[in-house]
1. Going by amide H atoms built from the backbone, whose H comes under 5 Å of the H on L338, apart from near neighbours?
2. Which of I241, I113, I273 moves most in a GNM of the chain, Cα contacts under 10 Å?
3. Quick check for you: which residues of segment 169-197 have the amide N under 14 Å from the point 7 Å beyond the Cα of D331 toward its beta carbon?
4. Any idea how many Lys pairs in the chain come in under 14 angstrom at the alpha carbon, given 8 or more places apart or on separate chains?
5. Can you give the FRET efficiency for D278 and I301, using 1/(1 + (r/R0)^6), R0 = 22 Å, r = Cβ-Cβ distance, to the nearest 0.05?
6. Calculate, in nm to one decimal, what S47 and S134 gain on full extension: separation in residues at 0.36 nm each, minus their alpha carbon distance.
7. Want the number for L339 to S170: 0.36 nm per residue separation, take away the alpha-carbon distance, what's left?
8. Per residue, how much accessible area does segment 231-348 have with a 1.4 Å probe, in Å²?
Amino acid sequence: MADTPKSPAPDQTTARHVRPTLRTIADLTGFAVTTVSRALSNAPQISAETRRRVHEVAAEIGYLPDRAAQRLKTGRTNVISVLLDPHEEILGYGTSLMLGLAKALTDTPYHIIVTPNFMNDSNLDAVRHIVRNSMADGLIFSRTEPFDPRVRFLIENDFPFVCHGRTELSTPHPYVDYDNFSFAYEATKRLIVRGRHKPMIILPPKRMTFSQHLLHGFMTAVREAGVAYEIPDEIHLDSPIDHIRDFISRRAGEPGAPDGFTCGGEVSALATITGMSDRGLTLGLEYDIVAKQTSKLLVNIQPKVETIYEDLTDTGEQMGHVLLARIAGKDTAGMQVLLKPAVNFPAV
């Protein structure tokens, strides 16, 4: 009965001169206000055709929900807050992650607000501000630390969140992570298979959890093979690209230089290639690189670099689904997702 129009729709031109409300949409469609409200919330009790018509009219007249009223009525903000890092190592990180998150939030009432999360700062103050002022219904962030203060605070306050990366906290919490152990292990094994005798890995800053995972995978591979290795302290994945280039160039001119490189991103791989080229060394001849790929840039510019792909769009989408489940009140058990690398190296 609620789907039956109650009266003819008035002229839409007149309606556009005032701020559109639920009543405006009801008048334009002929549906009851309650039907309009349910249709905008994508209630399954409302037919697909009615929902389509209501959303269509709402878009045409520029209807925006009164978030203050919604918050008073439901206790929800319909906002997902994302703490996004502006680091340059992972190409397309923010764009890909947000695309995946947007896919997960399609056909939901949720909107995304982004807050920059600056390097060398866990941004705990930003997390506290969001939670204590009820500015969002859920939170997404990355670059976790083993005993991340943001995770601890959110668990203590029972606030829905999902992080890109794991911690070593004893309390289970939602996360979506890439298996960096497997990446580093497979990448380093590949360098050894290609005949490299001294691999090097450029790690993230030591305070990051995934730095430990990469280190563990790298060390497992070199110890299994019994080869020499190098782990520089002077540079890391957050170092400026010119610092990485200059270090690699200098090291390549010294005795016992590495001849294989496991790179956790495309930027460090390009810096390594430039540094080695400055010494007249040729990729695929005097040295090899295996890098983590998150875009098509590296494989198009330097096809001799072998890569292992990390799908950040899929990561963002999975994070969105996990967070929606957490907001809906589901138990955190089973909300831990570890994405395995797809390793497809050609035959040597």
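The values are calculated or read from the model by the stated rules, or taken from the named source; none is laboratory data. Note that this is a predicted model, so its numbers are computed, not measured. No Cβ is skipped: glycine too gets one built from the backbone with ideal geometry, and neighbour counts run over all protein chains shown. Quick note on the areas: whole protein, heavy atoms, side chains included, nothing else; ligands and nucleic acids left out. Shrake-Rupley method; radii C 1.70, N 1.55, O 1.52, S 1.80 Å.
1. D177
2. Result for the chain, Cα springs under 10 Å: I113 fluctuates most.
3. 172-173
4. So the count of such lysine pairs works out to 4.
5. So, using R0 = 22 Å, E works out to roughly 0.85.
6. Fully extending the segment from S47 to S134 adds 28.0 nm.
7. Numbers: separation 169, 0.36 × 169 = 60.84 nm, distance 2.10 nm.
Taking 0.36 nm per residue and subtracting the Cα distance, the gain is 58.7 nm.
8. Roughly 46 Å² per residue, with all protein chains present.
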